[in-house]
Amino acid sequence: MGRIVDVPLIYERSVPGRLGVRPPVCDVPVRPLAELIGTKNLRTEPPHLPEVSELDTVRHYTRLSQRNYGIDVGFYPLGSCTMKYNPRINEKVASLPGFTHAHPLLPQSLSQGALQLMYELQEDLKAITGFYAITLQNVAGAHGELLSLMLIKAYHESRGQGATRKVVLVPDSAHGTNPASAALCGFSVRSIPTDADGNTDLDALKKALDELGEQVAAMMLTNPSTLGLFDQNAQTACALLHEAGALVFCDGANMNALVGVVKPAEVGFDCMHLNLHKTFSTPHGGGGPGAGAVGVAECLEPFLPTPRIVRTEEGRYALAYDFPQSIGRVHAFYGNFLNLVRAYTYIRAYGGEDLHTIGEFAVLNANYVLARIRHAFPPAVDRLCMHECVVTAQAYKQYGVRAFDIAKRLLDYGFHPPTMYFPLIVPECLMIEPTESESKQTLDMFANALLEIAHEAMEQPDLLRNAPHSTPVRRLDEAGAAKQLVLRWQGEVVYPHEVPACAC
Ligand SMILES: Cc1ncc(COP(=O)(O)O)c(C=O)c1O
């Protein structure tokens, strides 16, 4: 792998014999390790770790961390992937020793606090979504999609229709994880188009239902959609699906816009996932650990994963396993517990009364950005948007400038780019999600930067085509990075017993 940064690798800082820590000398006689675990389990060579002082190590990683862009550094308007402020109170509560030292195998009598927190979070999410029951076991949005489809499958199987209901309808604007989850769960996928107003195309939906009849198991509908719009046809779509004996899953990754304002269960959805790591401010990025939650209507409740967290008649909290129709576990223990603590803290810190301001400010902020930039970047569909605005940069194609170039140029202005080229149905798409946590001043600085860049696109297109100019690295081979996962530097250090670095 070529060197792309001027920070030496930690291995290049290594000096034989240099120590970072000096382990305490133990004067109690100990049994040799080989005796305890057997010689065949001991490696014969030293582990080829870099030999560096503590100070060098601290400086090395601090310097690297300063080259990252994160939500704590600046505005991060990544639409659909909601990077919102993670309040420090969340971290404070999640690091309380009672939570960090809680072992998942502790007896229930000694885990009452943790169980109570999860039970109360379930109750909060029930109140927010309107669903009959909640599970916290899934650890990502996509995991929640899969779990929801597993529940739908179990529901059809319990009615003797498992073998016939094999098709899941997915809008053409859906996040890629939707069709992937359906396929992983053994369904085939039929795409449903979006109409000119950005809603589910009801004529196309009716046609698909007529054609497929009892083959349809479910529809996966994202509301607000990935166009950043409230799907005004969602209620009718749910009714049509129910008439056809099928169920409707709501991709709730965009719940930010609805918190405290709309209860998805009342729209007619049968289940939905929530991304606690987006809507309820727990950290995400870099692949996790996330935290999902799935809410279900009464008809799906018997199939929820076990163990379930319940409150006993004596007011104690317990793990309950006796649900004969349950699909079983979908994750070890109870999900990513500390992220549940963070989500609970966020909800409590807001307080029940003010929860609706999450949705209201998320929508206000996105519409403010849209109003400031719409003359230069028109919206894909000309409507009030929800928590994110989806705009097109098509006008700059005639100058040889693409959405990608605009995104790269934003880095020079000190902003993380918005999501690009998603949803796929919008040409030269930029998807901007400010979140409720950002101030008017920040939104203005961002809008001003975008307008300035629009000007540059016409006057100095090369400036954009070669951007970024001010970052530690310039344009990277992003496709190569995704397809050829070289995650570990190998250089001169030889790892005789280990798998090759490229594990793609
Ligand atoms: C609309 C939508 N659905 C599903 C997902 C999947 O969520 P996760 O990344 O937690 O698996 C995302 C992710 O950002 C999303 O934006």
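Summary of computed values
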| item | result |
| --- | --- |
| Simple Cβ-charge dipole of region 133-205, Lys/Arg +1 and Asp/Glu -1, about Cα centre, in debye nearest 20 | 480 |
| Sorted by Cβ density within 10 Å, fewest first, the residues S439, S225 | S439, S225 |
| Dipole-positive endmost among L370, V381, L411 within region 335-412 (Cβ charges, Cα centre) | L411 |
| Length-normalised contact order for region 244-398 - Cα pairs under 8 Å, 6+ apart - percent | 22 |
| Footprinting exposure proxy for E433, E157 (fewest neighbouring C-beta atoms within 10 Å first) | E157, E433 |
| Overall Cα dimensions of the chain - principal axes, largest extent first, Å | 76, 71, 45 |
| Partner aspartates and glutamates for K166 [C-alpha distance under 18 Å; skip if fewer than 8 residues away on the same chain] | E145, E157, D210, E211, E214, E243, D270 |
| Local electrostatic count at Y132 - Lys and Arg +1, Asp and Glu -1, tallied over other residues with Cβ under 9 Å | -1 |
| Projected label distance in nm at L476 and T39, using a 7 Å step from Cα toward the beta-carbon | 4.6 |
| Burial ranking of peptide ranges 161-171, 100-110 (average Cβ count within 10 Å, highest at the top) | 161-171, 100-110 |
| Partner lysines for K278 [C-alpha distance under 23 Å; skip if fewer than 8 residues away on the same chain] | K84, K92, K126, K263, K440 |
| Value of relative contact order over region 107-353, rounded to a whole percent, pairs C-alpha under 8 Å and six or more apart | 27 |
| Farthest toward positive dipole pole in region 107-353 [+1 Lys/Arg, -1 Asp/Glu at C-beta], among L240, T164, N339 | N339 |
| Residue exposure sequence - H387, H175, H60, H277 - by fewest surrounding Cβ within 10 Å | H60, H175, H277, H387 |
| Packing rank of 201-207, 320-326, 256-262, 310-316, where each peptide gets the mean count of other beta carbons within 10 Å, highest leading | 256-262, 201-207, 320-326, 310-316 |
| Scattering curve values for region 356-471, log₁₀ I(q)/I(0), Debye with Cα scatterers, q = 0.11, 0.14, 0.16 Å⁻¹ | -0.33, -0.53, -0.69 |
| Summed residue charge, Cβ within 11 Å of S191's Cβ, Lys/Arg positive, Asp/Glu negative | -1 |
| Interatomic Cα distance distribution for region 83-153, bins of 10 angstrom, percent | 15, 35, 39, 10, 0 |
| Descending Cα extents along the principal axes, region 107-353, whole Å | 56, 38, 33 |
| Relative contact order (%) - criterion: Cα under 8 Å, at least six apart; region: region 135-274 | 24 |
| Per-peptide average of other Cβ atoms within 10 Å, ordering 295-301, 9-15, 63-69 highest first | 295-301, 9-15, 63-69 |
| Rounded Å value of the spacing that divides the Cα centres of region 346-408 and region 1-55 | 49 |
| Test item: Cα-centred dipole of the chain, Lys/Arg +1 and Asp/Glu -1 on Cβ, debye | 1200 |
| Nearest-20 debye value, region 356-471 charge dipole, Cβ charges on Lys, Arg, Asp, Glu | 220 |
| P(r) of region 173-304 over all Cα-Cα pairs, binned every 5 Å from zero, in whole percent | 2, 10, 19, 24, 22, 14, 7, 2, 0 |
| Calculated diffusion of region 294-355, Stokes-Einstein form, Kirkwood radius summed over Cα pairs, 25 °C and 0.890 mPa s, µm²/s | 178 |
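Read the figures in this text as sums done on the coordinates, not as results from a lab. For clarity, every value in this text was computed on a predicted model and none was experimentally measured. Cβ: placed from backbone, ideal geometry, glycine included. Neighbour counts: every protein chain shown.
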